[in-house]
């Protein structure tokens, strides 16, 4: 029987867990820019994907298009750095927008809907062997995880804060005169710890905003994302 993303109400807080293979959420990162004329179709596609319960969408706005004349209001140098790290890990020689990275392992042009959907389906059927649960309790995120099968791997524990939606009027650059609605906007991305996977993980991290939070367990060196959960 299929097991879906479980959400459990507890007296101490709100817990959410990553489900087993076949139903665990797939993480789709979109590297995009408000200064890129080819990005709006990918931005709209990410909005569609954000409506799926089996997908966690994250829009990372990069800063290397800012020179054209419009400074992306969501861009951060750390997001460009993350994209470059993915390129190195995947053996790619260049970075581009719009690019989607699926579960930290595969990439595709962000507007290539069929290719992205196929990759999501492929990753949805893969069990990474890591179970993750998380909860927001008294202004902190409690994180628990364990390796259920296979060899333990060194992982980064990452906390992502996401703005669900925001409209922006673009005054200059390739998209001058246009107003776009952006979704799943990453406002902060922090590595809050490392985990060897040899023992169960149990940690608590304070958060200083009311934005939705995504918890990720990712192999060190921008490797595959092994588990993820979103807390609204």
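Tabulated results
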| quantity | calculated |
| --- | --- |
| Close pairs (7 angstrom Cβ cut-off, 6 or more residues apart or separate chains): without any contact (Cβ under 8 Å) to a residue 24 or more places away in the chain in the range 94-113, surrounded by 22 or more Cβ atoms within 10 Å (Cβ to Cβ) anywhere | 107/99; 107/100; 107/101; 108/100; 108/116 |
| Meets criteria (surrounded by fewer than 21 Cβ atoms within 10 Å (Cβ to Cβ) and within 25 Å of residue 52 (Cα to Cα)) for residue 121 | yes |
| Of the criteria (1) within 30 Å of residue 70 (Cα to Cα); (2) without any contact (Cβ under 8 Å) to a residue 24 or more places away in the chain, which one residue 185 fails | (2) |
| Test for residue 198: is it modelled with pLDDT under 95, closer than 23 Å to residue 106 by Cβ, assigned to a loop (DSSP other than H, G, I, E, B) and touching a strand residue (DSSP E or B) at 6+ places or on another chain (Cβ under 9 Å) | no |
| Near pairs, Cβ below 6 angstrom, 6+ apart or cross-chain, from the range 43-72 (at positive phi) to any residue that is surrounded by fewer than 16 Cβ atoms within 10 Å (Cβ to Cβ) and modelled with pLDDT under 95 | 69/172 |
| Within the range 116-171, strands (runs of 3 or more DSSP E) holding 1 or more residues that are over 27 Å from residue 187 (Cβ atoms) and in contact with a strand residue (DSSP E or B) (Cβ under 9 Å, 6 or more places away or on another chain) | 130-137, 140-147 |
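A quick yes/no check of all residues on (1) crowded, with 18+ Cβ neighbours inside 10 Å; (2) over 25 Å from residue 105 (Cβ atoms):
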position	(1), (2)
154	no, no
162	yes, no
171	no, yes
192	no, no
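The values are calculated or read from the model by the stated rules, or taken from the named source; none is laboratory data. Just so it is clear, the model here is predicted, and its values are computed rather than measured. Note that we place each Cβ from the backbone using ideal geometry, even for glycine, and neighbour counts take in every protein chain shown.
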